[in-house]
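Below is one structure, written out as structure tokens, with a few remarks after it.
The values are calculated or read from the model by the stated rules, or taken from the named source; none is laboratory data. Predicted model only: the values in this text are computed from it and were never measured. Every residue, glycine among them, receives a Cβ derived from its backbone with ideal geometry; neighbour counts consider all protein chains shown.
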Amino acid sequence: MKIFSSKSRPVHLGAFPLEKLRRRDAPLSHLPDVPFPALVMARPDTPESIVNAMGPFQAMMDVLRVGRVNPVQADIPSDPELRAQHLKAFGYYIDASMMGVCALPAQARLTIPRRNPDTGVLARDLRERQTKTLAAGVDVIMANLRDAASAPVTALPDHTHALVILMAYPRDPKRGEPGSDWIMDAQAERACLRATENATVLAEYIRQLGFDARVHSPTTSDVNLGTCAVAAGLAVWENGALHAPWIGPRFGLAVVTTDMVLAPDMPLVPLADQPAAALKGLHWQIGTHGGVSARSHDPFARRDYVAGPHPFETLKRVDDPTTYIDAPNVPRVPKRTDMFARAQFGDMGPKVQDAMKGGHHVIKSAPSAAQRRLLGALILLQDGAVTGPATSHDPAANAANLKAASYFLGTDAAALSACPEWTWYSHDATGTPIKPPHDQALSMIIDQGFETMEGASGDDWISVSQSMRAYLRFSLLGGVISQHLRNLGFAAKAHTVMDGDVLQPPLLLLSGLGEVSRIGEVILNPFLGPRLKSGVVTTTMPVAHDKPIDFGLQKFCES
């Protein structure tokens, strides 16, 4: 439980009390020789491992590590300290555990750059595959992606600074723990995926501002990530391993190098020389600084992954939703009735239609424009062919594995239900009739964030970005889940904001992730209220269903 508010804590400081640590007075003249082991996103001998499904998504982000730089530099502060604070705050907003900045050390540059062998196939897909979605601006996104895929691989330019993203591991799943079958020994790969997502968005954001930037991940890099982490004051090299304060060696890294001048963080002094009050005092024990504490930094320290971070087991359940559904008479509607589609086609008037052209309603703010590029690329991965024989037919075990894997990857809420025919659109975006191919649904919720929701007006730049952050997170995590189901022999598709064939609110209702709210066409979650975005993975895998929640909770939440 969080006791102390983060209301007065500057966002760029992050959740860990890094500002309490003792640092050196100057950069290290000689950095330790930190090993940089290779990370392979494939487990051919363990087909049940979700690592196999992460590979295409990691490769997609590695393809997008570079991009077009805005030819006109934005009007941003000239103070390197303010720039660094701004970028760190954005990184924390995208859920980095720790952020640091360093002047790019010459010693960190790799003699032989590392390249992901899987990027070739995805680069070809970006050049050749077509999408069915008519989402606003998707043609511009795909053209941009094709340019990136066709660009030759070049040496690292004269970048001067590095932004380092550290992603902490959650608790290791226990062998035999309910739902742990797919997520064993996947910590490094999970951290790589999540850190690279963060770096991909940050690099694109920097390019939007008119500066060059390149992403470096454990699978594709021109620099040694560990060396950069030491230089940026996020870790120390001790006893033959990298150690981060409060976390130890349990973390993954990604780096963004850039020609934007930033104020560097100084390296840490050895952990033995750090103040005991900083590493073990009240700031860390109970979180008096307003961030995470020893008890709260890992929500799964005392909970099984299958249960999720919130106590959904305490809710009262009913056999049928307390919102009446006249299922036999619910009409199926075409995708053309989607409000975004209606606005795009002019149903809402010319002013709204003009705002939709080229996705301007999203890309008018640099943060959401940075998120949209990767979001568009993931359209190509959210559906695909089944690649293996169906092997798991136990509905209860499948349900546990699906929920535990969703929470392990970083979903805030997940539940299962049937996927009735009436929840499917009657026609897709091109007007082609849809014959529902899947009868089961995994609904997933991404928290839009308390601090951001409290501080946003709903009509500002961060309001657009917080939606895109959640949409992107589901596209990545839901895409991995759907790919894993196809690897296991079951048809599956992730239905995202860019391309979806199902109506999500009724599936959230059926799965017990909330109830219909009186504030409009919104599902109200008992723990998150309305500050959520959702996504759905439909599949043919047999799963046990969660029961709907009791309607009485809605009155409590809305009060």
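Which of the following residues is in a loop (DSSP other than H, G, I, E, B) and within 22 Å of ALA341 (Cα to Cα): VAL497, VAL464?
The unique qualifying residue is VAL497.
Out of VAL138, VAL164, report the one residue that is at negative phi, touching a helix residue (DSSP H, G or I) at 6+ places or on another chain (Cβ under 8 Å), at pLDDT below 95 and among the β-branched types (Val, Ile, Thr). Before you say what the answer is, go through the steps one by one.
Numbers: VAL164 fails: at pLDDT below 95.
Just one listed residue meets the conditions, VAL138.
Tell me which residues, restricted to segment 252-269, are over 16 Å from MET167 (Cα atoms) and either assigned to a loop (DSSP other than H, G, I, E, B) or in contact with a helix residue (DSSP H, G or I) (Cβ under 6 Å, 6 or more places away or on another chain) (or both).
Result: THR258, ASP259, MET260, VAL261, LEU262, ALA263, PRO264, ASP265, MET266, PRO267, VAL269.
Report every pair of residues separated by at least 6 positions or lying on different chains whose Cβ atoms are under 6 Å apart, first residue within segment 345-360 and at negative phi, second in a loop (DSSP other than H, G, I, E, B) and surrounded by 12 or more Cβ atoms within 10 Å (Cβ to Cβ).
If the second residue must be in a loop (DSSP other than H, G, I, E, B) and surrounded by 12 or more Cβ atoms within 10 Å (Cβ to Cβ), the pairs left are GLN353/GLY346; MET356/ALA136.
Assess whether VAL72 counts as being surrounded by fewer than 18 Cβ atoms within 10 Å (Cβ to Cβ), hydrophobic (A, V, I, L, M, F, W, C) and over 16 Å from GLY233 (Cα atoms). Don't jump to the end; show me each part of the working.
Values: surrounded by fewer than 18 Cβ atoms within 10 Å (Cβ to Cβ): yes; hydrophobic (A, V, I, L, M, F, W, C): yes; over 16 Å from GLY233 (Cα atoms): yes.
Yes.
Just the residues that are charged (D, E, K, R) and either assigned to a loop (DSSP other than H, G, I, E, B) or not assigned by TED's automatic domain parsing to the domain that holds ARG190 (or both), please, taken from segment 44-63.
Result: ASP45, GLU48.
Give the residues of segment 86-128 that are of a type in the set (A, V, I, L, M, F, W, C), more than 27 Å from GLY55 (Cβ to Cβ) and either surrounded by fewer than 20 Cβ atoms within 10 Å (Cβ to Cβ) or not assigned by TED's automatic domain parsing to the domain that holds HIS30 (or both), sorted by residue number.
Hits for segment 86-128 are ALA89, ALA103, ALA106.
When you go through (1) closer than 30 Å to GLN382 by Cα; (2) within 22 Å of the chain's Cα centre (by Cα) one by one for VAL101, which number turns out not to apply?
Unmet condition: (1).
Conditions: (1) more than 30 Å from ASN398 (Cα to Cα); (2) under 20 Å from the mean Cα position of the chain (by Cα). LEU242 meets all but one. Number of the miss?
Here LEU242 clears every test but (2).
Just checking, does segment 448-461 include any residue being crowded, with 24+ Cβ neighbours inside 10 Å, assigned to a helix (DSSP H, G or I), touching a residue at least 12 places away in the same chain (Cβ under 8 Å) and not β-branched (Val, Ile, Thr)?
no
Tally the residues that are part of a helix (DSSP H, G or I) and more than 30 Å from MET498 (Cβ to Cβ), restricting the search to segment 381-404.
So the answer is 3.
Just to be sure before I move on: is ARG332 surrounded by fewer than 18 Cβ atoms within 10 Å (Cβ to Cβ), without any contact (Cβ under 8 Å) to a residue 24 or more places away in the chain and either in the same structural domain as VAL230 (by TED's automatic domain parsing) or not hydrophobic (A, V, I, L, M, F, W, C) (or both) in the structure I sent?
For ARG332, the condition - surrounded by fewer than 18 Cβ atoms within 10 Å (Cβ to Cβ), without any contact (Cβ under 8 Å) to a residue 24 or more places away in the chain and either in the same structural domain as VAL230 (by TED's automatic domain parsing) or not hydrophobic (A, V, I, L, M, F, W, C) (or both) - is not met.
Suppose we filter THR322, THR337 for residues that are surrounded by 15 or more Cβ atoms within 10 Å (Cβ to Cβ), of a type in the set (Val, Ile, Thr) and under 29 Å from SER417 (Cβ atoms); which single one remains?
Going through THR322, THR337 in turn, the sole match is THR322.
Scan segment 13-39 for residues that are out of contact with any strand residue (DSSP E or B) (no Cβ under 9 Å at 6 or more places or on another chain) and acidic (Asp, Glu) and report the count.
Looking only at that region, the number is 2.
Among the residues of segment 388-424, write down those that are of a type in the set (Val, Ile, Thr) and either crowded, with 16+ Cβ neighbours inside 10 Å or outside the structural domain of ALA491 (by TED's automatic domain parsing) (or both).
Within segment 388-424, THR411, THR423 meet the criteria.
Could you say whether any residue in segment 124-147 is of a type in the set (Val, Ile, Thr), part of a loop (DSSP other than H, G, I, E, B) and under 30 Å from THR411 (Cα atoms)? Give the derivation first.
Just the residues of segment 124-147 that are of a type in the set (Val, Ile, Thr), to begin with: 131, 133, 138, 140-141.
Still in the running and part of a loop (DSSP other than H, G, I, E, B): 131, 133.
Those left that are additionally under 30 Å from THR411 (Cα atoms): 131, 133.
The answer is yes; a qualifying residue exists.
For LEU509, only one of the following conditions fails: (1) buried (at least 24 other Cβ atoms within 10 Å of the Cβ); (2) under 29 Å from PRO395 (Cβ atoms); (3) not aromatic (Phe, Trp, Tyr). What is its number?
(1)
Go through segment 483-511 and count every residue that is under 15 Å from the mean Cα position of the chain (by Cα) and modelled with pLDDT of 95 or more.
Adding up the residues that qualify gives 1.
Tell me which residues, restricted to segment 192-233, are small (Gly, Ala, Ser) and closer than 26 Å to PRO27 by Cβ. Break it down stepwise before answering.
Our first condition is that a residue be small (Gly, Ala, Ser); within segment 192-233, this holds for 195, 199, 203, 210, 213, 217, 221, 226, 229, 231-233.
If the condition is that a residue be small (Gly, Ala, Ser) and closer than 26 Å to PRO27 by Cβ, then ALA195, ALA199, ALA203, ALA213, SER217, SER221, GLY226, ALA229, ALA231, ALA232, GLY233 are the ones that fit.
Collect the residues in segment 155-213 that are among the acidic types (Asp, Glu), surrounded by fewer than 21 Cβ atoms within 10 Å (Cβ to Cβ) and within 18 Å of MET54 (Cβ to Cβ), keeping them in residue-number order.
Selection gives ASP172, ASP181, ASP185.
Here are some conditions: (1) in contact with a Lys or Arg (Cβ under 8 Å, 6 or more places away or on another chain); (2) on the phi < 0 side of the Ramachandran plot; (3) touching a residue at least 60 places away in the same chain (Cβ under 8 Å). ASP95 meets all but one. Which one does it not meet?
With respect to (1) in contact with a Lys or Arg (Cβ under 8 Å, 6 or more places away or on another chain); (2) on the phi < 0 side of the Ramachandran plot; (3) touching a residue at least 60 places away in the same chain (Cβ under 8 Å), ASP95 is out only on (2).
Considering ASN239, ASN198, which residue is polar (S, T, N, Q) and modelled with pLDDT of 95 or more?
Exactly one residue qualifies, and that residue is ASN198.
For segment 270-304, which residues satisfy the criterion of being outside any loop (DSSP other than H, G, I, E, B) and either in contact with a Ser or Thr (Cβ under 7 Å, 6 or more places away or on another chain) or surrounded by fewer than 14 Cβ atoms within 10 Å (Cβ to Cβ) (or both)? Break it down into steps so the answer makes sense when it comes.
Going through segment 270-304, the residues outside any loop (DSSP other than H, G, I, E, B) turn out to be 271-273, 276-280, 282-285.
Scanning segment 270-304 gives ALA272, ASP273, ALA276, ALA277, LYS280, LEU282, TRP284, GLN285.
Residue by residue through segment 405-443, note down the ones that are assigned to a loop (DSSP other than H, G, I, E, B) and either within 23 Å of ALA470 (Cα to Cα) or in contact with a helix residue (DSSP H, G or I) (Cβ under 6 Å, 6 or more places away or on another chain) (or both).
GLY410, THR411, ASP412, CYS419, TYR425, ASP428, ALA429, PRO436
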